[in-house]
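One structure is given below, encoded as structure tokens.
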Amino acid sequence: MSETLENLSSETRQFPPPEALAAAANVKAEAYEEAKADRLAFWAEQADRLTWAKKWDQVLDWSNPPFAKWFIGGELNIAYNCVDRHVEAGRGDKVAIHWEGEPGDTRTITYAELLKQVSQAANTLTDLGITAGDRVAIYMPMIPEAAVAMLACARVGATHSVVFGGFSVDALSTRIADAEAKLVITADGGYRRGKPSALKPTVDEAVAKSPSIENVLVVRRTGQDVAWTDKDKWWHETVEQASPEHEAQAFDAEHPLFILYTSGTTGKPKGILHTTGGYLTQVSYTHNAVFDLKPETDVYWCTADIGWVTGHSYIVYGPLSNGATQVMYEGTPDTPGRDRFWQIVDKYKVSILYTAPTLIRTMMKWGDDIPAGYDLSSLRVLGSVGEPINPEAWMWYRENIGRNRTPIVDTWWQTETGGVMISPLPGVTATKPGSAMTPLPGITADVVDDQAQSVPNGGGGFLVLRDPWPSMLRTIWGDDKRFLDTYWSRFGAGADSSSSDEWIYFAGDGAKKDEDGALWLLGRVDDVMLVSGHNISTTEVESALVSHPSVAESAVVGATDPTTGQAIVAFVIPRGNVDTEGDAGEQLNVDLRNHVAKTLGPIAKPRQIMLVPELPKTRSGKIMRRLLKDVAENRSLGDVTTLQDSAVMDLISKGMNTGKSED
């Protein structure tokens, strides 16, 4: 049996950085050499970009691996670094957030106004008995108060746990219980798909199960009627009436900043713990380097939700620490029309756009004519985050959104890593469609086989990190053993069977190196199919399918097969103008199977292709392959509560056009 992932596809197209951008880039090629010569000195230099109340004594303490401590002895306040220092430097009138509500209402918040709101919220937290080290749950729509709440927690040293505002009562209550949160900050609701979406009833049910909660702070957003208890306080009656004077206290660099529970957990939630100094150092530096941010002129827009780590690192802490002007949008990309994103880019002259491949593929499906109707000339850097981006979606993004002139930074990182780890630098890297290219300066990433040996160029295997990095998770909240077992037990010193003294972080993702050594992410190792002894990534087969002109989106799973062990089953959404009825659908099946075989080789030819109207996705846009596997193996469906739209599975079951192998 093959011990590493097969490397089936290749990509020869390359796009060098635009000359003008390269000449003025924030980070140049020499950064790689500087970091390689002295990694810790490099990270110390990046930490110096922040304002410290007390300088650190030691950059890294790795004496008790894998429990890292960064900038030991240093003290700082994150909210001060994100807000106060910009106001003190005379930039109080600069716009921090252009906020766009889904119904079309807007707010413009300057750094001076943000400082006032964060200070008022910090005073309110103190009035409610919140002190340093307490945990606060935040369950909110994408409104400015969400960022204010996070910054206010950081300001007083409370550890926040943001729970995505689409999660269920059980998801919220288990996270509250695990963190033993004392306070929930929420809203009556938010706007989603053109109508108010209530949040308070979910919070009420969760709080009824949560004895640790003492108070609930509620922002009035939609004006919906809400039930009220003795624990409830209106934001406008507390925060907005509080004193705007608040002095930020410095906290130790290793003070807990936030717990973020990874999505898709079953049983006991897995709370990823991030601390203060190292986290802010890396997210501030990477936001400046990866997006080439020019705070005086750029308008930055990350389309994520604050409920995910992308929202923490690249909406709140990274951009605000760098004094950026950014757009925050409340709603969905197709409300009231499918051109909403491009209206916003046009309106605010967005210059840096950071979004997810699933959204890019959705835009492809909607058609090239929609973005073509807008002047997107303000855009100068495009980013991708959340999952591997297939080359066809990458090229569509470059051609239709970037108009063939903007670099694309495809970023790899995780909730656990805290900040971007692998990405092109827009002024340095000649990019390849679909590749995250190389580790950033100061990051030691590698692709290894089962024995933790580096695979050669052209080989595939497991993505690992060989050295500690500043924004790394410190543990799983309340469960050091699970932290060790999950991330450190597969390779190196963390593995029982190894005598190695090297601690190796296992990311859980497959990856390959191409002939030039560029890195290609292949998705979760759990999503690898073992077909006739070959480890094949679902990502590569999906990319091959989407490269066919009739296909808008695809998802691939391995289904049990008596002959090959597992067989490849593909679920395909055809483009809107493609005929899938009768003989035409049968012919498309044959064409697609042959197309994959030609692109990747006969071993990757799907046994079966199902033409479907939609795919099951979580609210963060991740495809739930587990449910597709249930369909492929004719099993009853598992839990569908985390789906964005649970009716999708009915559509798939009813509307399937199945093509069987004739081989």
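Starting from residues that are more than 18 Å from the chain's Cα centre (by Cα) and buried (at least 22 other Cβ atoms within 10 Å of the Cβ), keep the ones in the stretch 616-632 and report whichever is modelled with the highest pLDDT.
The residue in question is LEU628.
Run down ARG405, ARG398 and say which single residue is assigned to a helix (DSSP H, G or I), assigned by TED's automatic domain parsing to the domain that holds TYR300 and of a type outside the set (A, V, I, L, M, F, W, C).
ARG398
Picking from ALA227, ALA248, which residue would you name as being crowded, with 20+ Cβ neighbours inside 10 Å and in a loop (DSSP other than H, G, I, E, B)?
After ruling out the rest, the residue left standing is ALA248.
Counting only residues that are outside any helix (DSSP H, G or I) and over 32 Å from the mean Cα position of the chain (by Cα), which one in the stretch 234-245 is nearest to GLY189 (Cα to Cα)?
The residue in question is ALA242.
Which count do you get for residues in the stretch 25-77 that are within 27 Å of PRO407 (Cβ to Cβ) and of a type in the set (Ser, Thr, Tyr)?
Residues in the stretch 25-77 being within 27 Å of PRO407 (Cβ to Cβ) and of a type in the set (Ser, Thr, Tyr): 1 in total.
This table checks each residue for (1) closer than 26 Å to ALA25 by Cβ; (2) in contact with a strand residue (DSSP E or B) (Cβ under 6 Å, 6 or more places away or on another chain); (3) acidic (Asp, Glu).
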{"position": "ALA253", "(1), (2), (3)": "no, yes, no"}
{"position": "GLN282", "(1), (2), (3)": "yes, no, no"}
{"position": "ASP298", "(1), (2), (3)": "yes, yes, yes"}
{"position": "THR303", "(1), (2), (3)": "yes, yes, no"}
{"position": "THR310", "(1), (2), (3)": "yes, no, no"}
{"position": "PRO319", "(1), (2), (3)": "yes, yes, no"}
{"position": "GLN326", "(1), (2), (3)": "yes, yes, no"}
{"position": "TYR329", "(1), (2), (3)": "no, yes, no"}
{"position": "PHE341", "(1), (2), (3)": "no, no, no"}
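Filter the stretch 265-312 down to the residues that are part of a helix (DSSP H, G or I) and more than 17 Å from HIS255 (Cα to Cα) and list them by number.
Selection gives SER284, TYR285, THR286, HIS287, ASN288, ALA289, VAL290, VAL309, THR310, GLY311.
Checking the conditions here, which among LEU545, LEU522, LEU530, LEU463 is touching a Gly at 6+ places or on another chain (Cβ under 6 Å) and crowded, with 18+ Cβ neighbours inside 10 Å?
None of the other options fit; the residue is LEU522.
May I ask you to list the residues in the stretch 59-104 that are assigned to a helix (DSSP H, G or I) and either farther than 28 Å from ASP298 by Cβ or among the aromatic types (Phe, Trp, Tyr) (or both)?
TYR80
Take the stretch 498-531 and flag every residue that is among the small types (Gly, Ala, Ser), out of contact with any helix residue (DSSP H, G or I) (no Cβ under 9 Å at 6 or more places or on another chain) and at pLDDT 85 or above.
ALA511, GLY517, ALA518 - these are the residues of the stretch 498-531 that are among the small types (Gly, Ala, Ser), out of contact with any helix residue (DSSP H, G or I) (no Cβ under 9 Å at 6 or more places or on another chain) and at pLDDT 85 or above.
Identify, from the list ARG361, ARG398, the residue that is crowded, with 19+ Cβ neighbours inside 10 Å, basic (Lys, Arg) and under 22 Å from ASP527 (Cβ atoms).
ARG361
Within the stretch 498-520, does at least one residue satisfy the condition of being out of contact with any Phe, Trp or Tyr (no Cβ under 9 Å at 6 or more places or on another chain) and more than 18 Å from VAL447 (Cβ to Cβ)?
Yes, the stretch 498-520 contains at least one residue that is out of contact with any Phe, Trp or Tyr (no Cβ under 9 Å at 6 or more places or on another chain) and more than 18 Å from VAL447 (Cβ to Cβ).
Considering only residues that are outside any strand (DSSP E or B), at pLDDT 90 or above and among the polar types (S, T, N, Q), which ones fall in the stretch 351-395?
Result: SER351, SER377, SER378.
Considering only residues of the stretch 495-540 that are aliphatic (A, V, I, L, M) and not in a strand (DSSP E or B), which is farthest from ASP467 (Cα to Cα)?
Looking at residues that are aliphatic (A, V, I, L, M) and not in a strand (DSSP E or B), I get VAL525.
Taking helices (runs of 4 or more DSSP H) that fall entirely within the stretch 108-224, which contain at least 3 residues that are of a type outside the set (Ser, Thr, Tyr), under 13 Å from TRP235 (Cβ atoms) and in the same structural domain as PHE258 (by TED's automatic domain parsing)?
111-127, 144-156
Filtering the stretch 96-117 down to residues that are in contact (Cβ under 8 Å) with a residue 12 or more places away in the chain and among the β-branched types (Val, Ile, Thr), which residue is farthest from ASP84 (Cα to Cα)?
THR108
Taking the residues in the stretch 583-613 that are surrounded by 20 or more Cβ atoms within 10 Å (Cβ to Cβ) and charged (D, E, K, R) as candidates, determine which candidate is nearest to VAL569 (Cα to Cα).
Applying the filter and picking the extreme gives ARG607.
Take the stretch 185-210 and flag every residue that is touching a helix residue (DSSP H, G or I) at 6+ places or on another chain (Cβ under 6 Å) and within 18 Å of TRP308 (Cα to Cα).
ILE185, THR186, listed by residue number.
Assess whether VAL162 counts as being at pLDDT 95 or above, surrounded by fewer than 22 Cβ atoms within 10 Å (Cβ to Cβ) and in contact with a Gly (Cβ under 9 Å, 6 or more places away or on another chain).
Spelling it out, it is not the case that VAL162 is at pLDDT 95 or above, surrounded by fewer than 22 Cβ atoms within 10 Å (Cβ to Cβ) and in contact with a Gly (Cβ under 9 Å, 6 or more places away or on another chain).
Scanning the stretch 32-58 for residues that are assigned to a helix (DSSP H, G or I) and within 25 Å of the chain's Cα centre (by Cα), which turns out farthest from TYR285 (Cα to Cα)?
The extreme case among them is TYR32.
The values are calculated or read from the model by the stated rules, or taken from the named source; none is laboratory data. Please read all numbers here as calculations on a predicted model, not as lab measurements. Here the Cβ is made from the backbone with ideal geometry for all residues, glycine too, and neighbour counts use every protein chain on show.
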